[in-house]
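Reviewing the structure listed below.
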Amino acid sequence: MKFDVRDLARIAVFAAIIAVLGIPGAIPIFGNAVPITAQTLGIMLAGAVLGAWRGAAAVVVFLLLVLVGLPLLSGGHGGAGVFVGPSAGYLFGWILGAFVTGAIVHAGHRRPTWWRTALGCVVGGILVIYAVGVPVQAFVTHLPLGATALSSTVFLPGDLIKAVVATLITMALWRAYPRAFGDLVRVAPAEKVDATVR
């Protein structure tokens, strides 16, 4: 996958959005080593707007900045240590989550739809991230996988709200400024969509 200058600019913008969503801080959950953050909303948006490869690239850029020590994670955390802690699996899951979200939302290079965007945000932005994060959390904390998975269900209501918000933002952006999606959508002649989105 080749990225041009405009792609790099979009990737940088969404890496910044993920960072900004960390400003409100993290909400610790009693009995769970992983806190609630708003940054998964940024992961969903990166995939939904940028597509699979560019969305994943935005997350990689963000995580590289965290790796070199910038305190961009919720709560002002950063540095290599976060990649070996209980949240490590979720951080790596963000990359795959953004990719899967983008792959579903833009399947077949079609324009975003409500149902496909919502499905992408739920599957990629929630289920995929949990699938990577929960086993790693269980391994790091030395807790049973089942117990860790059960304790992680406390995140579900908030994550479902984020999926709804991400869907609303994505569809509003598509209507207001389809150019933001770059060349992801192949417009058929019959579609009433400005060809400049290419």
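Taking the listed residues 79, 133, 120, 93, the one that is over 20 Å from residue 55 (Cα atoms), open to solvent by less than 20 Å² (accessible area, probe 1.4 Å) and not aromatic (Phe, Trp, Tyr) is 79, with no other qualifying.
So that you can scan it fast, the table gives a plain yes or no per residue for (1) free of Cβ contacts under 8 Å to residues at least 24 places away in the same chain; (2) within 15 Å of residue 42 (Cβ to Cβ); (3) of a type in the set (A, V, I, L, M); (4) open to solvent by less than 60 Å² (accessible area, probe 1.4 Å):
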site	(1), (2), (3), (4)
151	no, no, no, yes
157	yes, no, no, no
170	no, yes, no, yes
173	no, yes, yes, yes
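Number of residues in segment 131-186 that are within 20 Å of residue 93 (Cα to Cα) and assigned to a loop (DSSP other than H, G, I, E, B) equals 3.
Which one of 71, 112 is in contact with a strand residue (DSSP E or B) (Cβ under 9 Å, 6 or more places away or on another chain) and either outside any helix (DSSP H, G or I) or within 23 Å of residue 52 (Cα to Cα) (or both)? Answer to the check: 71.
Checking the structure you have, find out if any residue of segment 50-58 is in a helix (DSSP H, G or I), of a type in the set (A, V, I, L, M) and surrounded by fewer than 19 Cβ atoms within 10 Å (Cβ to Cβ).
The answer is no; no qualifying residue exists.
The values are calculated or read from the model by the stated rules, or taken from the named source; none is laboratory data. Note that the coordinates shown come from a computational prediction; the quantities given were computed from them, not determined experimentally. No Cβ is skipped: glycine too gets one built from the backbone with ideal geometry, and neighbour counts run over all protein chains shown. Note: areas computed on protein heavy atoms with side chains; ligands, DNA, RNA excluded. Shrake-Rupley method; radii C 1.70, N 1.55, O 1.52, S 1.80 Å.
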